Structures are given as structure tokens and as C-alpha cells.
Amino acid sequence: MGIFSRLSWFFKHQWKQYLVGVIALILVAICNVIPPRIIGDVVDAVSKKSMTTRFLVTNMVVLFVVAIVQYLLRFLWQKMIYGSSYVLERDLRSRLFRHFMRMDTTFYQKWRTGDLMAHATNDIDAVRDVAGPGILTLADSLITGTSMILAMGVMIDWQLTGLAVLPLLLLAVMANVLGKKIHTAFKDSQAAFSSINNKTQESVVGIKVLKALGQEKEDEQDFDKYVAENIQANKKSYRLDAMFDPLTTVIMGLSYTVTIVFGGLAVLNQRITIGQLVSFITYMAELMWPMYAVGSLFNLLERGSASYDRINELLAEKSSLVKPKHVVTTVPNGTLDFAIDKFHYPDDQAIALKNVHFKLAAGQTLGIVGPTGGGKSTIISLLMRDFDHYDGDIQVGKIDIRKYDINSYLDTIGYVPQTNFLFSTDVRDNVRFANIKATQTQVAEASYIADLDSDISQMTDGYDTQVGELGVSLSGGQKQRLAIARAILSDPKLLILDDSLSAVDSKTERNIEQRIAKNRQHGTTIIAASRLSSVESADEIIVVDDGTIVEQGTHQELLHKPGWYADTFNLQEKNAELEGRLNNER
């Protein structure tokens, strides 16, 4: 029953609705007392041969009225109790989603997407069942059971009632023994569901890779393993849960045996009439639902309790991003001063960056290049505030970026990663995602700067073309250029291109660079690239290797120095010339 106390915050908020629902249940229980009594009276009238048409019609009318009243009351309690449970579902989903929006990169490295989806769907459904069917089952079983027992004791015979109810105490013993085991079993079951949900999500998203590598059968076998684990976990939980109903049947059988034996003796001793015994047995039949409901109730409560624990575990996660005591609300503007003495990732003690210092004045362009794994993406991650804990500081306009409100800070940045996320909508809405009120003229201008306008004009529906899930209908280069257009349209103070021209040819790359430079004469730009031609026109270039800056200068300065930049640029130029000759020969 602990789940009810943990949800007390919600019940306090919805107490009026639940009160009306419970009152309706009480009135239904009172109505349920009437039919057995009428049946008993009719049986006595028949046995005594005193039945009259008026007596029969009167009782039939009473039964009809009771049925109508019960119908209206049942509609009322369903509206109040079930309706309130969906309010809980809405609140939990909103809290969880907002929590996801606030969490940092470390959180998403720890929790898998499929697992988060399982928490946001299956677990919330289980908690909602506690506030809906759970409350109903608890209240209805208590009210119905209590009213039936009182009717049996007050209206028939209290001694016979005591004997008939005595075996029912065994249910409390059974619930206490099985309760903790069922809670653990359901928690394991929900965890198994999370695993299979995550596996399904990964396989569907990565279906092209699976097919390309011919790993369908292996992946099916891996999926079958998750399914088997899920089935085993569910078998254990339902095996424990299934112990309730058979034992309940046995206990009810004992109660009926006691009723028939001692009730029959009471009739023979003329302590009660035959009609009263029929009413008593009818009341006993009404007790069947509350008894069986105990098993259903513990199922709902333990599943809901396990799910609520899992949801709270997620909500208890804290973002590692710094929350300053006094938030700077002004818009970040001015010189970017990047001064990191040392940084390592939270789950790795290896130094990722050391002694990385550079300045970038507003309106300038910085190129970041270097060998794979050298630290380019780490620099950008710190600029994007994916991580806030490091030795040193990063300032914009002489203010540490950790002192800015994170949303205000990120709103000034246009970030284009190498792998872009596109939404399942049309081209226009993908371009104007950060500024959904942008006009068609603004969308077209941003598309032109990204050299995407000619591609769009050749599409069947132009800007209304649906890109498909994750942009499946577009090529790699089109995805990158659409993401660049989206960032350009937001008019950021700082534009970061993280190897975002890797999927376009050299001619398209030059077009985009020239148009961006013309469009952003007063905007700051950072370009991280593997192809050095992408950063030729940058005001400053840094070469990052092994987490530190090994070369720094303009394109021409670096070409005249022996080192990685000059060697790599010359090699890439030779490869480009060779590729051009081969294309001409073809």
C-alpha cells in the first residue's frame, strides 16, 4: 500500500474528484444490498404461499429503479476516478519530458534511448493504473465487502456471518507473504521490457547498417535472447501473481461450506428462514468480487510501485551543468576567450584537453583542424556547454559562459554537426525549425547560402517535399546543407560548423564558404574540419593533436612552417589533383 502514500501529492490535488467517485461507489454498494434482500423476501413469500401480484410488481419496480440508479452512479465514479488517473498520467509525462529537456550529455550517455522510452510509456501506464483501477479496486472491494458483511450480520445473523467470514482472514496472510516478492518480480519485468524496447529501437534505427553488413540473422538471434529474458521475467511475476486466484477460490469454498453447514442448522433450528439463508448466500456471492479483487489489486499496486520507483530514479538524476547563484541575463556578445588548462570526460580520467588557449574576436572566423581524435570535437563540446567542469574558463564578452542562463547562451549559437537530425516533416519546416515564423523569402535566402536552393527546385514538391524519417529521402550532402540553412536562418552570433561539409564536393564547399562569409561579415564563425580547404579563408587556424594546440596561425603562415598542417594540406591537394585527372580520363 506504500504506493498510495507516495502518490499522496496527487491525491491531495484531486481529492474532490476522488471523494465524489468514492461516494458514488458507496451508494452503488448500498444499492447492491437491496436485490438479495428482495430475493429472500420473494422466496419466503413463495414458501409461505403469500405471494401477491402487487407484492411481486412492487419488488420488480424497486429492482428496476435500483438498476437505473446504479447505472448513473457507475458512470459517475468512472468519470471521476478514471478521469483523474489520466490527469496523473499527463502530469508524469510532462514532468518526465521536461526533465529530459533539462538533462545534460552525461545523462544521455548513461541512459539508453529505448530505456527512456519504456519509462515514459510502459512505466507511466502502470502508475496510472494505480490511480485509476487501483483506487477503484481498493475502494470498491472494501466498500462492497464491508457493506455485504454488515448486511449479512445485521439483516440475517451475526453469528453465521462471523463463521462464514473467518476463512477470509487467510487472504491477509497470503498478501503479506507474497507482496515483497511480487514487487521485486515486477521491477525485474519492467527492466526486461526496457531492454527489449531499447534493442528494438536500435535495430530499427540501424536497419540500413544491419542489412549492409549482412547481420540480420545475428541481430534476430540477439533480439530473441532479449525476448527470452523478458518472457522469463514475466513468467516469474505472473507465477507469483497467479497464486492469488486459486487460493481465493479455496478460501471462498471454505466460506460457502461453513455457510451451508451452519446456515442449514440455523434454518432447522428456526433461527433464520429459508429466504434469509438464500439472501445470505446471495450476499456471499457478492463477496466473491472483493475477494478476487485482492489479487488484481496487489498486481496493480506492485507493478505500479515498481514502475514509480523506476520513474523516480530518473527524476532524481541531476544535471552536472553549473547553476550560478546569480545568472547573467544579458545576451552573450563580444570576444570569445577559450582558456582551458585541463579537461577530462566524467567517465574517463584520461586528459582530453590540456593548455588549449585561443581568442576569437567578434566577426572573425576560426578554423580547427587536426588528426582524428585530437580534440576538435571536445573543444566544441565545451563551447556548447555539454560539460561544465574543467580547469580554466571560457569567456564571451569577459563573462564566464557558465554564468549565463544556458538557454539564453545556446540561443546565440548555430551548431551544425557532421551527422544531422532532421524531422519527419517538409523541407521548409526543417529549415525554419529554430524560427518557425520565418517567411518563405527568409527560408529561400538561407537555402541559397547553403547552396541547397537548386536541389530543392528539382524536388517534386519543392519546399513542401517531405524528407521522411531522419531525412531518409535526402542524400548525405543535402542533409548537411539543410542543417546549415537551418543554422543560418537562426542568425546566430556564433556559428559552429563541426565537419559539416564533409559530404559535399569541393565546388559546393567553396560556394557555401563564400556565401557564408558574405552573409556573416559581422558574425563569429568556428569551422572544425578534416578537409583543410574548408578553413583556408579563416582569420586564425589552430591544429589540435593529443588534446593540445600544436600549431597556430593563418593558412599561409602554417603552409610555410614544417608540420602536420603543411604536410596534410599538400597531401590533400595531390589527392584532389589525381582525382581530377581520373575524372577527366573517364
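The values are calculated or read from the model by the stated rules, or taken from the named source; none is laboratory data. This structure is a prediction, so every number in the text was calculated from the model and none was measured. Because the Cβ atoms are built from the backbone with ideal geometry, glycine has one as well, and the counts that use them run over all protein chains shown.
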Return yes or no: is GLY392 of a type in the set (Gly, Ala, Ser), in contact (Cβ under 8 Å) with a residue 60 or more places away in the chain and on the phi > 0 side of the Ramachandran plot? no
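From the list LEU452, LEU410, LEU422, exactly one residue is modelled with pLDDT of 85 or more, of a type in the set (A, V, I, L, M) and touching a helix residue (DSSP H, G or I) at 6+ places or on another chain (Cβ under 7 Å). Which is it?
Values: LEU410 fails: touching a helix residue (DSSP H, G or I) at 6+ places or on another chain (Cβ under 7 Å); LEU422 fails: modelled with pLDDT of 85 or more.
Of the residues listed, the single one that is modelled with pLDDT of 85 or more, of a type in the set (A, V, I, L, M) and touching a helix residue (DSSP H, G or I) at 6+ places or on another chain (Cβ under 7 Å) is LEU452.
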Answer from THR378, THR412 - the residue that is closer than 20 Å to MET103 by Cα and crowded, with 21+ Cβ neighbours inside 10 Å: THR378
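Could you check, for segment 9-24, whether at least one of its residues is assigned by TED's automatic domain parsing to the domain that holds VAL154, under 30 Å from GLY275 (Cα atoms) and surrounded by 12 or more Cβ atoms within 10 Å (Cβ to Cβ)?
Here is the first cut: in segment 9-24, the ones assigned by TED's automatic domain parsing to the domain that holds VAL154 are 9-24.
Pick out the ones that are also under 30 Å from GLY275 (Cα atoms) and you get 24.
When the remaining residues are screened for being surrounded by 12 or more Cβ atoms within 10 Å (Cβ to Cβ), the result is 24.
Taking every residue of segment 9-24 in turn, at least one turns out to be assigned by TED's automatic domain parsing to the domain that holds VAL154, under 30 Å from GLY275 (Cα atoms) and surrounded by 12 or more Cβ atoms within 10 Å (Cβ to Cβ).
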Scan of segment 7-44 for residues that are in contact with a Ser or Thr (Cβ under 8 Å, 6 or more places away or on another chain) and farther than 20 Å from GLU286 by Cα, ordered by number: GLN14, GLN17, TYR18, GLY21, ASP44
Scan (1) touching a strand residue (DSSP E or B) at 6+ places or on another chain (Cβ under 8 Å); (2) over 27 Å from THR335 (Cβ atoms) for the single condition ALA503 breaks and write down its number. (1)
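Quick test for you: out of LEU76, LEU96, LEU72, pick the one residue that is hydrophobic (A, V, I, L, M, F, W, C), at pLDDT 85 or above and within 27 Å of the chain's Cα centre (by Cα). Lay out the reasoning, then the answer.
Details: LEU76 fails: within 27 Å of the chain's Cα centre (by Cα); LEU72 fails: within 27 Å of the chain's Cα centre (by Cα).
After ruling out the rest, the residue left standing is LEU96.
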With the first residue restricted to segment 31-44 and required to be basic (Lys, Arg), and the second required to be assigned to a helix (DSSP H, G or I) and surrounded by fewer than 18 Cβ atoms within 10 Å (Cβ to Cβ), Cβ contacts under 7 Å at 6 or more apart or on different chains are ARG37/MET155
Of those in segment 266-297 that are surrounded by fewer than 22 Cβ atoms within 10 Å (Cβ to Cβ), in a helix (DSSP H, G or I) and out of contact with any Ser or Thr (no Cβ under 9 Å at 6 or more places or on another chain), the residue modelled with the lowest pLDDT is ALA285
Considering only residues of segment 336-360 that are at pLDDT 90 or above and either of a type in the set (Gly, Ala, Ser) or part of a loop (DSSP other than H, G, I, E, B) (or both), which is nearest to ILE516 (Cα to Cα)? ALA339
Among residues belonging to segment 527-550 that are surrounded by fewer than 19 Cβ atoms within 10 Å (Cβ to Cβ) and of a type in the set (Asp, Glu), point out the one that is nearest to ILE512 (Cα to Cα). GLU536
When residues of segment 225-250 are limited to those that are of a type in the set (A, V, I, L, M, F, W, C) and at pLDDT below 75, the one surrounded by the most Cβ atoms within 10 Å (Cβ to Cβ): PHE244
Output the number of the condition that ASP309 fails; it satisfies all remaining conditions of (1) surrounded by fewer than 19 Cβ atoms within 10 Å (Cβ to Cβ); (2) at pLDDT below 85; (3) in the same structural domain as ALA120 (by TED's automatic domain parsing). (2)
If we keep only residues of segment 45-59 that are surrounded by 12 or more Cβ atoms within 10 Å (Cβ to Cβ) and aliphatic (A, V, I, L, M), then the residue farthest from GLU286 (Cα to Cα) is MET51
Reported set for segment 157-187 where residues are over 25 Å from LEU247 (Cα atoms) and either at pLDDT below 80 or assigned to a helix (DSSP H, G or I) (or both) is TRP158
Can you report the number of residues in segment 464-498 which are crowded, with 19+ Cβ neighbours inside 10 Å, farther than 20 Å from ALA438 by Cα and either more than 31 Å from the chain's Cα centre (by Cα) or free of Cβ contacts under 8 Å to residues at least 40 places away in the same chain (or both)? 1
Are any residues in segment 190-224 hydroxyl-bearing (Ser, Thr, Tyr) and at pLDDT below 75, and if so, which ones? SER194
Counting only helices (runs of 4 or more DSSP H) entirely within segment 88-156, those with at least 1 residues that are among the hydroxyl-bearing types (Ser, Thr, Tyr), closer than 21 Å to PHE75 by Cα and in contact with a Pro (Cβ under 9 Å, 6 or more places away or on another chain) are 135-151
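When residues of segment 309-331 are filtered for being under 15 Å from LEU382 (Cβ atoms) and in contact with a Leu (Cβ under 8 Å, 6 or more places away or on another chain), how many remain? Spell out the reasoning first.
Going residue by residue through segment 309-331, those that are under 15 Å from LEU382 (Cβ atoms) are 320-322.
Filter once more, so that each one left must be in contact with a Leu (Cβ under 8 Å, 6 or more places away or on another chain): none.
Qualifying residue count for the region: 0.
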Go through (1) surrounded by fewer than 16 Cβ atoms within 10 Å (Cβ to Cβ); (2) in a strand (DSSP E or B) one by one and return the number of the condition GLY363 breaks. (2)
